[in-house]
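The values are calculated or read from the model by the stated rules, or taken from the named source; none is laboratory data. Just so you know, these numbers come straight off a predicted model, no measurement behind them. Here the Cβ is made from the backbone with ideal geometry for all residues, glycine too, and neighbour counts use every protein chain on show.
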Amino acid sequence: KVVIIDYGSQVTQLIARRVREAGVYSEIHPCTTPLEQLRALKPNALILSGGPCSVSEDGAPQLDPGLVELGLPILGICYGMQLLAKELGGQVERAKEREYGRAHLAIATACPLWEGLPEAPTQTVWMSHGDHVLAPPPGFEVIASTEKVHVAAMADLGRSIYAVQFHPEVAHTEHGEQILHNFLFKVAKLKGKWTMGSFIETCVAEMQAKIGETGQVVCGLSGGIDSTVAALLLHRAIGKRLHCIFVDNGLLRAGEREEVIGFLTAHFDLNLHTVDAQDLFLGKLAGVTDPEQKRKIIGYTFIEVFEREAKAISNVEFLAQGTLYPDVIESVSFRGPSAVIKSHHNVGGLPDRMQLKLVEPLRELFKDEVRKVAAQLGLPDFIIWRHPFPGPGLAIRVIGEITAERLEILRQADAIVQQELHASDWYRKMWQGFAVLLPVKSVGVMGDDRTYEHVCALRLVESVDAMTADWARVPPEILARMSNRIINEVKGVNRVVLDISSKPPATIEWE
Ligand code: XMP
C-alpha cells in the first residue's frame, strides 16, 4: 500500500484517488501522525502531498527525518518537494509571488519517472506554489525544469526519492497519470492488483481485529448507501454481533421503510431492529417552524431513541458510522484538531455519552468508491444510486410547521417527482431531485370552483459533491408531467413552482 502524508493541500484526496484507480491501495494520513504509527502501516511507498504553508514559516509542518530513513520510495509533490529539499540539505527560496496555472516542463534527465512520456520538447504541467527549490540536496539531480523554475523536478535515483514542483494528480497536468503510474510501477515496483474486492477483504479483516472476538457493535441504519455498506461490511466481519437500528421517525419518504427493511431482511441475515418513533418525533416537532430548532430537536430525539435501544443490548462497546473520507476533513489537521464530521453521519454526542468507541469502515473512501463496494456486495441499483437524503428527513422540506397532514401531502408529491425522474434517465444524471412543501397557499380554479391550496416547489439539482450545485436543466416535458400529476393526484396542492437557484448563494435544501 501507498501511504500519502497530507500537508493540507486541497487536492490530496485526488492523489489517493489516482493511486487507487491505478490498482494500488492508498491511505491518507495527516502529517501529524507519529512515525511509529506510519511505520506500523507497513507502506511500500510514500507520497508527500502539497500544502498551503511555506516550509520556513513558523509552525509549518516539517518532515520527520525518520521517514526518509525508512528507505521507501518517496514522491514529494509541491510542498512535499520543498520539505525534502529543506530536510535533506538543499535550498528553498521563499517566493515573492505565487506561480499558479500552466507551465511548460522540459525534461532534463531520463529516469524511471519519465518513462513512456512523449518526446515533445515540453509538456504542460499544473503549478500552484509560492516557494521553490533553488538548489537540490546532495545526491539529488535536477530532472526537469520549466521557464520559471529550474528545479521543477529532482531525484535521488539511488534512493528512489523523487520530487516534483507541479501537481501530477490534477487533470491539467498533461501526462500526470503516466507520471504517477511510473512512480508506482517503475520506481516503487508495485503490482497494481488492488480492486474494490480486495478492499472488502482487507476492511473485514481490519474490523475483526479492531472489534475482537466478543465485541458488540451498534449501528444506525437508514437505508442510505453509506450506512448500508458500512453495516454489511461489519456484518461480514462479526455477523450477529452487529446490531442495526432503523429508526422510523415519521419523516421518511413514501414507502421508504418498507422498501429498505423489506430488501435487507430478504437478502441479508442482519440483526435488524426497527423502532417506531413517529409519535415521539412529531410530538416534539409540533408547532416548531425555525429550521435550526427543527434540526436540533430531531438530532436530540434521535440520540434519545438510539441510546434507549442500544442500552437494551448488553455489552455494546462500539458504534459504527458510515463516515466517508470527504466528511473527515483531515487536510487541515496540523492546524489543530479540526476533524469535522457532517452532523448526519455522526450520531451526535452518542459515543461520548455512552462511552462507545467508533468504527468507521468507509473513512478512507470516496462516494463513487462506496458505490463500487456496494455493487461488489451485491446491492441493487435502488440503494447504490439513491439520492442523498438528509438526516432530518422531510421535516426540513415541509417549510413551516410540521403536521402529519402536511407531511403526507409532501410525501405524495415527492413520490411523483421520484417516479418521473426514474421514468426518464434523469434520476441517475442528477445529484438530488425532490419536492418541497411551501408554507404558502395560493388561489386556483378546478372545474368551476375556486381553490385555495398548498404550493409545492421542485428542487432538481446537479452537483459533484454538494459543496456547489446548480439547478438541473430538466426538459420542460418532464417538468410538465411532474406538475400535472402533482396537481391532479395530490389532494391539497394546486400550484407547482420550480426552484432555479444555484448553490451558493442558495443551498440545496430549503432549510
Ligand atoms: P445543503 O442544503 O447544505 O445540503 O446545500 C448539502 C447536502 O447535504 C444534505 N444535507 C444533509 N444531510 N443531514 C444530512 O444527512 C443534514 O442535516 C443535512 N442537511 C443537508 C443535502 O440533502 C445535500 O445533499
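Below is a table of values for the structure above.
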item: Scan of segment 26-59 for residues that are closer than 19 Å to Glu87 by Cα and among the small types (Gly, Ala, Ser), ordered by number; result: Ala45, Ser49, Gly50, Gly51, Ser54, Ser56, Gly59
item: Residue ID - surrounded by the fewest Cβ atoms within 10 Å (Cβ to Cβ), chosen from residues in segment 496-511 that are within 19 Å of Pro392 (Cβ to Cβ) and among the β-branched types (Val, Ile, Thr); result: Thr507
item: Odd one out for Thr289 among (1) under 28 Å from Lys372 (Cβ atoms); (2) part of a loop (DSSP other than H, G, I, E, B); (3) among the hydroxyl-bearing types (Ser, Thr, Tyr); result: (1)
item: Candidates Ala480, Ala457 - the one that is within 16 Å of the ligand (Cβ to nearest atom) and out of contact with any Lys or Arg (no Cβ under 8 Å at 6 or more places or on another chain); result: Ala457
item: Checklist (1) under 25 Å from Gln13 (Cβ atoms); (2) of a type outside the set (Val, Ile, Thr); (3) in contact with an Asp or Glu (Cβ under 9 Å, 6 or more places away or on another chain); (4) in contact (Cβ under 8 Å) with a residue 60 or more places away in the chain applied to Ser56, failing item; result: (1)
item: Close pairs (9 angstrom Cβ cut-off, 6 or more residues apart or separate chains): of a type in the set (Lys, Arg) in segment 403-424, in a helix (DSSP H, G or I) anywhere; result: Arg411/Leu394
item: Condition check for Glu141: charged (D, E, K, R), surrounded by fewer than 16 Cβ atoms within 10 Å (Cβ to Cβ) and at pLDDT 95 or above; result: yes
item: Strands (runs of 3 or more DSSP E) wholly inside segment 61-126 that include at least 3 residues being outside the structural domain of Leu48 (by TED's automatic domain parsing), more than 23 Å from Leu190 (Cβ to Cβ) and touching a residue at least 60 places away in the same chain (Cβ under 8 Å); result: none
item: Residue match in segment 42-55 (condition: farther than 21 Å from Phe185 by Cα and touching a Cys at 6+ places or on another chain (Cβ under 8 Å)); result: yes
item: Residue list for segment 350-366, filter: in a helix (DSSP H, G or I) and in contact (Cβ under 8 Å) with a residue 40 or more places away in the chain; result: Leu350, Arg353
item: Filter pass, Val373 being away from the ligand (no atom under 16 Å from the Cβ) and within 21 Å of the chain's Cα centre (by Cα); result: yes
item: Filtered residue count, segment 286-296, keeping only those that are more than 14 Å from the ligand (Cβ to nearest atom), exposed (fewer than 13 other Cβ atoms within 10 Å of the Cβ) and either of a type outside the set (Gly, Ala, Ser) or at pLDDT below 95 (or both); result: 1
item: Of all residues in segment 418-436 being hydrophobic (A, V, I, L, M, F, W, C) and either within 14 Å of the ligand (Cβ to nearest atom) or in a loop (DSSP other than H, G, I, E, B) (or both), the one that is farthest from Lys367 (Cα to Cα); result: Val436
item: Subset of segment 383-406 [more than 29 Å from the chain's Cα centre (by Cα) and surrounded by 22 or more Cβ atoms within 10 Å (Cβ to Cβ)]; result: Ile402
item: Check on Ser442, crowded, with 17+ Cβ neighbours inside 10 Å, of a type outside the set (A, V, I, L, M, F, W, C) and either more than 16 Å from the ligand (Cβ to nearest atom) or not in a strand (DSSP E or B) (or both); result: no
item: Scope segment 489-511; condition touching a residue at least 40 places away in the same chain (Cβ under 8 Å) and either within 15 Å of the ligand (Cβ to nearest atom) or of a type in the set (S, T, N, Q) (or both); matching residues; result: Asn494, Asp499, Lys503, Ile508, Glu509, Trp510, Glu511
item: Subset of segment 376-416 that is assigned to a helix (DSSP H, G or I) and of a type in the set (Gly, Ala, Ser) - its residue that is farthest from the ligand (Cβ to nearest atom); result: Ala404
item: Condition check for Asp465: in a loop (DSSP other than H, G, I, E, B), in contact (Cβ under 8 Å) with a residue 60 or more places away in the chain and within 16 Å of the ligand (Cβ to nearest atom); result: yes
item: Given (1) more than 30 Å from Gly50 (Cβ to Cβ); (2) in contact with a Phe, Trp or Tyr (Cβ under 8 Å, 6 or more places away or on another chain); (3) surrounded by 22 or more Cβ atoms within 10 Å (Cβ to Cβ), number of the condition Gln216 does not satisfy; result: (3)
item: Hey, Lys311 more than 24 Å from Gly8 (Cβ to Cβ), surrounded by fewer than 18 Cβ atoms within 10 Å (Cβ to Cβ), in contact with an Asp or Glu (Cβ under 7 Å, 6 or more places away or on another chain) and at pLDDT below 95 or not; result: no
item: Pair list, Cβ under 7 Å, 6 or more apart: segment 273-296 residue acidic (Asp, Glu), other residue in a loop (DSSP other than H, G, I, E, B) and exposed (fewer than 15 other Cβ atoms within 10 Å of the Cβ); result: none
item: Subset tally (residues that are surrounded by fewer than 12 Cβ atoms within 10 Å (Cβ to Cβ) and within 35 Å of the chain's Cα centre (by Cα)) for segment 445-467; result: 3
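Matching residues to (1) within 12 Å of the ligand (Cβ to nearest atom); (2) modelled with pLDDT of 95 or more; (3) farther than 23 Å from His243 by Cα:
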residue	(1), (2), (3)
Lys284	no, yes, yes
Ile298	yes, no, no
Phe302	yes, no, no
Asn315	no, no, no
Leu319	no, no, no
Val328	no, no, yes
Ser338	no, no, yes
